[in-house]
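Report on the structure given below.
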Amino acid sequence: MRGLAVEDGAELSVAVAGPGGSAVHGDAAFETASIVKVGILAALLLRAQDADRRLTGEERAWATAMIEDSDNAAASALWTVIGQSDGLDRANRRFGLTDTRGGEGTLWGLTRTTAADQLALLGQVFGDDSELDAASRACLQGLMGRIAEGQRWGVSAAADDGRWALKNGWLPRSTTGLWVVNSIGRVTGRGHDLLVAVLSRGSSTKEKGISLVEAAARAAVSVIMDDPDLGS
């Protein structure tokens, strides 16, 4: 990460898991923006599992719009269904996230999280050792693999064969005018599936934030695949 071009005042945190282990750069908490939508849907699916029910048609429609199109109205609707921050926090405790706190009231985008926690959430979505059953994991994986055109940036830059499943978040902070830009997901590199989470804030434009996130994702995947103790 030291080799990346980072604007003055911008901050970055990265976590990556490869076939032989994982690594984290930075432990600060960042605003999630729309990457929290993965957590919202995971919490909803866990609630449905506990109640031994399937998602309703309306919930499925909201989930699709929320993940594939990053629709904020759908996210707000499901945020209410899961019980807002209390519901998210309860689910996250079961998922093993220790440093993530839901945003106050209706402000789900101001949930705060760490790269390590987002890597843990990705493990719940894409791993077999999960609180989510196979159907719930398949739901999330499928939606994250069908992100709308124009939102397929971020960790996908580290995929060397076009295979990815992701969710991005972007938010200009009204207090500073600077951008929060985040990306989480699974990519395939050198024949291996890798989980990558990149969090950033303080970029002067969304485009510069995207460039930083993509460069960090590529660097993290390269390092973990070239490290004899972590890659293969």
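So for segment 75-199, averaging the separation of alpha carbon pairs under 8 Å that are six or more residues apart and normalising by length, what relative contact order in percent results?
18
What are the aspartates and glutamates whose alpha-carbon lies under 16 Å from the alpha-carbon of Lys37, with same-chain residues fewer than 8 places away excluded?
Those aspartates and glutamates meeting the cut-off are Glu59, Glu68, Asp69, Asp71, Asp86, Asp89, Glu104, Asp117.
Let me know the charge dipole size of the chain about its Cα centre in debye, to the nearest 20, where only the beta-carbon of Lys, Arg (+1) and Asp, Glu (-1) is charged.
300
What do you get for Rg/Rh of the chain when both radii come from the Cα atoms and Rh is the Kirkwood radius?
Using only Cα positions, Rg/Rh for the chain is 0.94.
Using each residue's phi in segment 2-12, evaluate 6.51 cos²θ - 1.76 cosθ + 1.60 at θ = phi - 60° and report the 3J(HN,Hα) Karplus result to the nearest Hz, with x for Gly and Pro.
5, x, 7, 7, 10, 4, 4, x, 7, 10, 8
Measuring from centroid to centroid over Cα atoms, what is the spacing of segment 74-132 and segment 1-71 in Å?
First find each Cα centre; the distance between them is then 8 Å.
If you stretched the chain out fully between Ala134 and Glu58, how much longer would it get, using 0.36 nm times the residue separation minus the C-alpha to C-alpha distance?
25.2 nm
Restricting to DSSP H runs of at least four residues, report the calculated mean residue ellipticity at 222 nm for the chain, -39500 (n - 2.57) per run over all residues, nearest 500 deg cm²/dmol.
-13000 deg cm²/dmol
Of all the accessible heavy-atom surface of the chain, with the other protein chains kept in place and a 1.4 Å probe, what percent is carbon and sulfur?
After summing per-atom areas, the C and S share lands at 47 percent.
Would you mind working out the accessible area per residue for the chain, using a 1.4 Å probe, and quoting it in Å²?
Spelled out: the 1.4 Å probe surface of the chain, per residue, equals 44 Å².
For Glu207 and Arg94, compute 0.36 nm times the residue count separating them, minus their Cα-Cα distance, and round to one decimal in nm.
Gain on extension, Glu207 to Arg94, equals 37.2 nm.
What residues from segment 171-197 fall in the zone where the backbone N is under 13 Å from a label point 7 Å along the Cα-to-C-beta line of Arg163?
The answer is 186-195, whose backbone nitrogens lie closer than 13 Å to the label point.
The values are calculated or read from the model by the stated rules, or taken from the named source; none is laboratory data. Because the structure is a prediction, the values reported are computed rather than measured. Virtual Cβ from ideal backbone geometry, glycine too; neighbours counted across all protein chains shown. SASA here: full protein model, heavy atoms, side chains in, ligands and nucleic acids out. Shrake-Rupley method; radii C 1.70, N 1.55, O 1.52, S 1.80 Å.
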